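Visitor: I'd like to ask some things about the structure below.
Derivation of every value follows stated rules applied to the coordinates shown; laboratory data play no part. All values reported here derive from a predicted model rather than from experimental measurement. All Cβ positions, glycine included, derive from the backbone under ideal geometry; neighbour counts span all protein chains shown.
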Amino acid sequence: MSARQVLQVFEQYQKARTHFVQTIAEFSSRPANIELLQNAGVMALLRPLLLDVVPTIQQTAALALGRLANHSDDLAEAVVKGDILPQLVYSLAEQNRFYKKAAAFVLRAVAKHSPQLAQAVVDSGALDALVICLEEFDPGVKESAAWALGYIARHNQELAQAVIDAGAVPVLVLCIQEPELSLKRIAASALSDISKHSPELAQTVVSSGAIAHLAQLTQSQDAKLKRQVFSALSQISKHSVELSEMVIEAEILPSILTSLQDPDNYVQKNCATLIREISKHTPELAQLVVNAGGVAAIVDHIGSSKGDVRLPGIMMLGYIGAHSENLAMAIIVSKGVIQLAIVLSEESEDHIRAACAWALGQIGRHSPEHSKAVALSNVLHSLLQYYTDPKSTEDLQNKAKRALKAILQKCVHLPALEPLLHAAPPNILKHVVAQFSKVLPNDAKARRLFVTSRGLEKIQQIKAEPGTDLREYIDTINNCYPEEIVRYYSPGYKEKLLERIE
């Protein structure tokens, strides 16, 4: 037998392995094939190919495994049980850049599904190897490693702390300074995933100098990068006054307000979320946002957007409105209440309606002036409708009820209250009647209008038990009028008069 014949056998074997692994990688990119591949025992066949002597076979095997693990948590679990992770981690340190990218992809695909699978990746020793990959020369390797670290950190505080303990944060901050856009995006996303869990984790990110570099990137023209940058700054700001102040001190407010008009909906939403997180902490921070023109910008943003993109802006108005009378008045002056009323009437999603109801309640609860501005936007009827509608979610019903009570307890603009006399259930009616009982004794013109608008007649029709607050309010109103007028509008009195004529 010649040497050529011997070598030919090896060449055929290599070609067969190459063909097999390339075909499997291609099949695994189509979800319809996944179950067939799994039933055929593909995992057991791919595992030894990770150790193949031919680098392209190793890389393609890793790519196929990544695609399989990415598809479902069952297949990711199979990768863990097949003892494949330690081999991947070992290869991260030893192999070339193409293999490193593929191996990091598998780790990311496994980690993304659940905290348990992410913990299995951590337990395999992957973190140290991934952090070393962040320092590689090749941007693609850095990108794959940053992506895997972000997927591990996003699940919970313990996993994010493990990523920090491995030394990832300072290197991720270096990555957002690299020229490659895709690397900047993924590094910013990973910093966001680390920051979101607790003030301590966010402080670690801040201590690594992240805010200054993220602030610079808010000026970027790349929408996908800006999404991640504003998300990271939001996750930092949400935890405390101190962290929000650090973000504000980076002088990013003008950039945020400009980006609220970005063509990309996710950029808009993340900008509004960042303003909300800053505004919610203290009246002083909210005042800074107002002074910068934040309320007018958010009102415009809510008016020009739809659905969930509006939600953070709506909540931001509620937070600012809750802080003080002056801040709530700033929203009213900027036509924020009118815009919230429009959203309340045109949105079909109950969670957005609930946010609107809550925000209107926060703005209207301060004084008669505030509640009048809210009542004049014709929202009281809508709030009552959502509260009494059995199809409304429990959250919407509760928020509509609380908002109604908060607004009614301050409202002395009687024309806005009168329609509720005819429609409100007893627990809301009590608050409506209470407001009439406060105003009518001191306002002759209002007393006259109350009679001609048939309000007094409606009051007589209300059944109220003696000794209740409602009965007391009705008696206070009746005492404002001559006895014969009250008797005239009482149920059955007109029939008695007709009987006397006969």
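Visitor: Please report, largest first and rounded to whole Å, the three semi-axes of the ellipsoid equivalent to segment 412-502, where each semi-axis is the square root of five times an eigenvalue of the C-alpha gyration tensor. Let's see the in-between values first.
Guide: Values: eigenvalues 100, 47, 31 Å².
They are 22, 15, 12 Å, listed largest first.
Visitor: Describe numerically, in nm with one decimal, the distance between label points set 7 Å from Cα along Cα→Cβ at GLN409 and at SER2.
Guide: It works out to 10.0 nm between the two label points.
Visitor: So, one more: Name the longest site-free stretch of the chain, where the excluded sites are trypsin sites (Lys or Arg not before Pro) in a DSSP loop with no more than 10 other beta-carbon atoms within 10 Å.
Guide: The segment 1-390 is the longest one with no such site.
Visitor: From the phi angles alone, apply the Karplus equation (6.51, -1.76, 1.60; θ = phi - 60°) to segment 193-204 and give each ³J(HN,Hα) in whole Hz, x where the residue is Gly or Pro.
Guide: My calculation for segment 193-204 gives 5, 6, 6, 6, 7, 7, x, 5, 5, 5, 5, 4 Hz in order.
Visitor: To the nearest 0.05, what FRET efficiency results for ASN479 and ASN427 with a Förster distance of 22 Å applied to their C-beta separation? The partial results should precede the final answer.
Guide: Numbers: r = 24 Å, r/R0 = 1.10.
My answer for the efficiency is 0.35.
Visitor: Tell me, ASP128, ASP350 in order of fewest to most beta-carbon neighbours within 10 Å?
Guide: Values: ASP128 15, ASP350 19.
Arranged by neighbour count, lowest to highest, ASP128, ASP350 become ASP128, ASP350.
Visitor: Of LYS224/LYS280; LYS401/LYS430; LYS142/LYS226, which pairs sit farther than 23 Å apart, going by alpha carbon to alpha carbon? Could you put the intermediate results ahead of the total?
Guide: Numbers: LYS224/LYS280 26 Å; LYS401/LYS430 13 Å; LYS142/LYS226 20 Å.
Going by Cα-Cα distance, LYS224/LYS280 fall outside the 23 Å limit.
Visitor: Next up: How big is the C-alpha Rg of segment 366-462 next to the rule-of-thumb value 2.2 N^0.38 Å, as a ratio? Don't skip to the end; give the middle numbers.
Guide: Numbers: Rg = 13.3 Å, N = 97, 2.2 N^0.38 = 12.5 Å.
In units of the 2.2 N^0.38 Å rule of thumb, it is 1.06.
Visitor: Of LYS15/LYS81; LYS269/LYS410; LYS238/LYS335; LYS238/LYS405; LYS238/LYS269, which sit over 21 Å apart, Cα to Cα?
Guide: Details: LYS15/LYS81 29 Å; LYS269/LYS410 33 Å; LYS238/LYS335 27 Å; LYS238/LYS405 29 Å; LYS238/LYS269 15 Å.
From the list (LYS15/LYS81; LYS269/LYS410; LYS238/LYS335; LYS238/LYS405; LYS238/LYS269), the Cα-Cα distance tops 21 Å for LYS15/LYS81; LYS269/LYS410; LYS238/LYS335; LYS238/LYS405.
Visitor: If the viscosity is 0.692 mPa s and the temperature 37 °C, what Stokes-Einstein diffusion coefficient in µm²/s follows for segment 283-411 when Rh is the Kirkwood radius over Cα pairs? Walk me through the numbers before you get to the answer.
Guide: Numbers: Rh = 14.1 Å.
D, rounded to a whole number, is 233 µm²/s.
Visitor: Continuing with the same structure: Once you have the Cα-Cα distance between SER114 and ASP73, take 0.36 nm times their residue separation minus that, and quote the gain in nm to one decimal.
Guide: Values: separation 41, 0.36 × 41 = 14.76 nm, distance 0.78 nm.
Between SER114 and ASP73, full extension yields an extra 14.0 nm.
Visitor: Whole-Hz ³J(HN,Hα) for each residue in segment 291-301, computed from phi via Karplus 6.51 cos²θ - 1.76 cosθ + 1.60 with θ = phi - 60°, x for glycine and proline: what do you get?
Guide: Each residue of segment 291-301 in turn: 4, 7, x, x, 5, 4, 5, 5, 4, 4, 4 Hz.
Visitor: Further question on the same structure: Apply the Karplus curve 6.51 cos²θ - 1.76 cosθ + 1.60, θ = phi - 60°, to the phi angles in segment 20-36 and return the couplings in whole Hz, x for Gly and Pro.
Guide: Result, rounded to whole Hz: 4, 5, 5, 5, 5, 4, 5, 4, 6, 7, 10, x, 4, 8, 4, 5, 4.
Visitor: Choose one of VAL289, ALA162, PRO115: the residue whose Cα lies farthest towards the positive end of the charge dipole of the chain (beta-carbon charges +1 Lys, Arg; -1 Asp, Glu; about the Cα centre).
Guide: Projecting each Cα onto the dipole axis, the largest value belongs to VAL289.
Visitor: A follow-up question, please. Hey, what number do you get for the chain at 222 nm if only DSSP H runs of n ≥ 4 count, each worth -39500 (n - 2.57), divided across all residues, to the nearest 500?
Guide: Numbers: 35 runs with 383 residues, N = 502.
One gets -23000 deg cm²/dmol as the mean residue ellipticity at 222 nm.
Visitor: Now, a different point. log₁₀ I(q)/I(0) of the chain at q = 0.08, 0.12, 0.13 Å⁻¹, via Debye over equal Cα point scatterers, no solvent, to two decimals?
Guide: Once normalised to I(0) and log-transformed, intensities are -0.67, -1.04, -1.13.
Visitor: Find the relative contact order for the chain and round it to a whole percent, using C-alpha pairs within less than 8 Å whose residues are 6+ positions apart.
Guide: Working: 724 pairs, mean separation 30.1, N = 502.
For the chain, the relative contact order is 6 percent.
Visitor: Next question. Tell me which aspartates and glutamates have Cα within less than 20 Å of LYS458's Cα, excluding those fewer than 8 residues away on the same chain?
Guide: LYS458 reaches GLU418, ASP443, ASP469, GLU472, ASP475, GLU483, GLU484, GLU495.
Visitor: How much FRET efficiency would the formula 1/(1 + (r/R0)^6) give for THR388 and LYS438, where r is the Cβ-Cβ distance and R0 is 25 Å, rounded to 0.05?
Guide: Working: r = 25 Å, r/R0 = 0.99.
With a Förster radius of 25 Å, E is 0.50.
Visitor: Could you check the spin-label model distance between ARG487 and LYS445? Points 7 Å from the Cα along Cα→Cβ, value in nm.
Guide: Inter-label distance under the simple model: 3.2 nm.
Visitor: Please state the charge dipole magnitude for the chain, taken about the Cα centre, from unit charges on C-beta atoms (+1 on K and R, -1 on D and E), reported in debye and rounded to the nearest 20. Working shown, then result.
Guide: Numbers: 49 positive and 53 negative charges, 239 e Å.
Charge dipole of the chain: 1160 debye, to the nearest 20.
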